[in-house]
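Q: Here you go, one structure.
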Amino acid sequence: MSRHLISPSILTADFLHLESEIEMVNKSEADLIHLDIMDGVFVPNLTFGFPVIRQIKSVSKKPLDVHLMIADPDRYLEAYRDAGADWLTVHYETCPHLHRTIQRIRELGMKPAVSLNPHTDVSLLEPVLKDLHMVLIMTVNPGFGGQKFIEGSWDKIRKLKKMIQDSGAKTLIQVDGGVTEGNISDLIEAGVDVFVVGNTIFSSKNPIQVTAKLKNPT
Ligand code: DX5
Ligand code: ZN
């Protein structure tokens, strides 16, 4: 039996009714809630900030999996912890002192993760692999929900899986972007542990049922 985790991304949720969207996730078989934080600098889009995260935290029964797509995330690590982040992901491309950033996230009591853009090679994380709770392989270019899965991701996932196995690390592999009921089984097979799913869940008529299918694929 697969033990993969589902982390619904609220990027395509109904923000006028955010509380009921979070309650839907609470009732579902999802394991986490994925929050996409964009600054209009590192990625060409803007989302939401600390007050919204705090309010989500107050109703969420699932841990918050916060994905920072912002320039210079080091400035805000503590503020995201205080707002309610449980897992905190920074982008490799935004951290000149990545080792220090990872240690700081852990010191603050969060689970540290690093995300790689589609063009960034997984081998760059080899020196810090054992320090990481999770590596996020972006399977679309970050910035928008509802994009198509980039096929070149398969090689990256397999390469990362091998790196993790060879090093004896316990690091999880997460993918984000273009995950559907059609590709999740093959992704589990390739070694993915945690799935960010936005559009497939929030654009469906029955998000609880879709989440159950993603959690228990046939
Ligand atoms: C993209 C975000 C994703 C996105 C999920 O920058 O990081 O979390 O919302 O993508 P879809 O909608 O393809 O599942
Ligand atoms: Zn994301």
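Q: Which one of these is among the basic types (Lys, Arg), loosely packed, with under 14 Cβ neighbours inside 10 Å and over 16 Å from residue 88 (Cα atoms): 156, 148, 161?
A: Within the list 156, 148, 161, the selection yields 148.
Q: Among the residues of the stretch 153-188, which ones are of a type outside the set (A, V, I, L, M), more than 16 Å from ligand 1 (Cβ to nearest atom) and in a loop (DSSP other than H, G, I, E, B)?
A: Selection gives 168, 170, 171.
Q: Residue pairs, Cβ under 7 Å, 6 or more apart or interchain, first in the stretch 132-153 and on the phi > 0 side of the Ramachandran plot, second among the hydroxyl-bearing types (Ser, Thr, Tyr). List them.
A: Listed by first residue and then by second, the contacts come to 146/12.
Q: Could you figure out which of (1) under 21 Å from residue 34 (Cα atoms); (2) more than 19 Å from the chain's Cα centre (by Cα); (3) not in a helix (DSSP H, G or I) isn't true of residue 209?
A: For residue 209, the failing item is (3).
Q: Sticking with this structure for a sec: Checking the condition open to solvent by less than 40 Å² (accessible area, probe 1.4 Å) and either assigned to a strand (DSSP E or B) or in contact (Cβ under 8 Å) with a residue 60 or more places away in the chain (or both), which residue from 35, 11, 18 passes?
A: Unique residue meeting the criteria: 35.
Q: Now for a different question. If residue 181 meets every condition in (1) under 25 Å from residue 22 (Cβ atoms); (2) touching a His at 6+ places or on another chain (Cβ under 9 Å); (3) among the acidic types (Asp, Glu); (4) away from ligand 2 (no atom under 16 Å from the Cβ) apart from one, which number is that one?
A: Of (1) under 25 Å from residue 22 (Cβ atoms); (2) touching a His at 6+ places or on another chain (Cβ under 9 Å); (3) among the acidic types (Asp, Glu); (4) away from ligand 2 (no atom under 16 Å from the Cβ), only one is false for residue 181: (2).
Q: Just the residues that are in a helix (DSSP H, G or I), closer than 25 Å to residue 78 by Cβ and β-branched (Val, Ile, Thr), please, taken from the stretch 93-147.
A: 94, 101, 102, 105, 128
The values are calculated or read from the model by the stated rules, or taken from the named source; none is laboratory data. This structure is a prediction, so every number in the text was calculated from the model and none was measured. Positions of Cβ are generated from backbone atoms using ideal geometry, with glycine treated the same way; all protein chains shown enter the neighbour counts. The protein model used for the area step is the full one, side chains on, heavy atoms only, and it has no ligands, DNA or RNA in it. Shrake-Rupley method; radii C 1.70, N 1.55, O 1.52, S 1.80 Å.
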